[in-house]
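Below: the structure, in structure tokens.
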Amino acid sequence: MACGGSSPAAPTNTNVAGSYDLTITASSTCSANLPSETRVLKYVANVSQIGASIQVGLVGPVLWNSVSVNGTVSGQKITFLDFSFSEGTSGGGIALNATGTVDLAADGSIAGTFGGKYQTPSGATCIAGSHQIQMVKK
């Protein structure tokens, strides 16, 4: 207990529920490995939240019609232990298997980097620690 007889307050988890425009950009180190049409992916992301747990539902050119990934909010950060999905695009499809922590900005946007494997159906692959994610609240 602190000197005043009370315990320090736990960090407040930011409410991130809502609809976002989500952009995933492959690491710049992947330019030589990935076709240009597969390096930037755009979706609508619908985020639901219960306490510190969030679920991000991706809507867009995604195989199986929808994809959900889970994360945890702690203060002004979101951690994704498994941000993985496969999707179909005009370029033939992308698979992403990554983890990362992203930051919440004062304007409600979310941005950060992921580390992991980015792969096209043709077999072009890039493993990097600097794939970018950005979510802008609608």
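Brief remarks follow.
- Separation in nanometres of the label points that stand 7 Å from Cα toward Cβ, at S28 and N97: 2.8
- For the stretch 18-137, alpha-carbon Rg and Dmax in angstrom: 13.6, 42
- Fewest-first sequence of E87, E37 by Cβ atoms within 10 Å of each Cβ: E37, E87
- Residue order, fewest to most beta carbons within 10 Å, for L81, L41: L81, L41
Laboratory data are not the source of any read-out in this text; all were calculated from the coordinates shown. Fair warning: this is a prediction, and the values are worked out from it, not measured in the lab. Virtual Cβ from ideal backbone geometry, glycine too; neighbours counted across all protein chains shown.
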